[in-house]
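To start, the structure itself, in structure tokens.
The values are calculated or read from the model by the stated rules, or taken from the named source; none is laboratory data. Because the structure is predicted, anything quoted here is derived from the model rather than measured. In this analysis, Cβ positions are derived from the backbone assuming ideal geometry, glycine residues included, and neighbour counts consider all displayed protein chains.
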Amino acid sequence: MESNPHLLPKDIGWIEVITGCMFSGKTEELIRRLRRAEIAKQKVSIFKPKIDTRYSSDHLVSHSQTKIKSQMVSSPYEILELSKDSLVVGIDECQFFDLSLIDVCNTLANQGKRVICAGLDQDYRGIPFEPMPQLLAIAEYITKTLAICVVCGNPADKTQRKTTNSERVIVGADEIYEARCRKCFQPPIETNQSKKI
């Protein structure tokens, strides 16, 4: 459910989280909400982690090539300074940030800002992907997006990695990942090395 600013008291901030697997439209939905805020003449600041350079260094870009101007940051704490004058703050690929993102989002919301976060809720093993579980716990509004399973066509909420690399974070798109449903998802065989991650 998307927040409706007309139904909420003024001078109150809140956190919205858009989550799901890869190719489920998270970034597209984030961009849609941010564009609507811009159309309403609200001051918007948009951020993504420096690690994500897949499509652009200065725009959020969805897999369908929808895009909006953004800034890259190394640390969530940079967002506090860079969004001082903004009413709406958008943050994409939240799973690539550390747990300090929770403190930053709470601080922004407590300052009366609308904070919209998007990110994967599970990694390629089907395990909750921090800091997303913590963001989901503190958010006022949560949207879970689903993709379509590439194997059977059912609703998909898992991200299948197509390589054997066991690093938790590998930035990529359809050359490395695909959406799968619960039935078709094949978690990797755990080794002692990957269990430590």
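Quick check: is even one residue across segment 98-106 among the charged types (D, E, K, R), over 22 Å from Leu60 (Cβ atoms) and modelled with pLDDT of 95 or more? Scanning segment 98-106 turns up at least one residue that is among the charged types (D, E, K, R), over 22 Å from Leu60 (Cβ atoms) and modelled with pLDDT of 95 or more.
Looking at segment 163-182, which of its residues are of a type outside the set (Ser, Thr, Tyr), over 21 Å from Val61 (Cα atoms) and surrounded by fewer than 12 Cβ atoms within 10 Å (Cβ to Cβ)?
Filtering segment 163-182 for residues of a type outside the set (Ser, Thr, Tyr) gives 165, 167-176, 178-182.
Now restrict to residues that are over 21 Å from Val61 (Cα atoms): 165, 167-168, 180-182.
Hit for segment 163-182 is Glu167, nothing else.
Of the candidates Ala118, Ala109, Ala137, the single residue that is surrounded by fewer than 20 Cβ atoms within 10 Å (Cβ to Cβ), under 30 Å from Gly13 (Cβ atoms) and modelled with pLDDT of 95 or more is Ala137.
Has segment 141-149 got at least one residue that is more than 22 Å from Glu28 (Cβ to Cβ) and surrounded by 13 or more Cβ atoms within 10 Å (Cβ to Cβ)? No. Among the criteria (1) within 12 Å of the chain's Cα centre (by Cα); (2) at pLDDT 95 or above, the one Lys41 does not fulfil is (1). Of the residues making up segment 62-94, those that are under 16 Å from the mean Cα position of the chain (by Cα) and under 17 Å from Ile15 (Cα atoms) are Pro76, Ile79, Val88, Val89, Gly90, Ile91, Asp92, Glu93, Cys94. For the criterion of being hydroxyl-bearing (Ser, Thr, Tyr), buried (at least 18 other Cβ atoms within 10 Å of the Cβ), at pLDDT 95 or above and closer than 22 Å to Ile51 by Cα, Thr159 passes. For segment 59-88, enumerate the residues that are surrounded by fewer than 14 Cβ atoms within 10 Å (Cβ to Cβ), at pLDDT 80 or above and either in a loop (DSSP other than H, G, I, E, B) or at positive phi (or both). Within segment 59-88, Ser74, Lys84, Asp85 meet the criteria.
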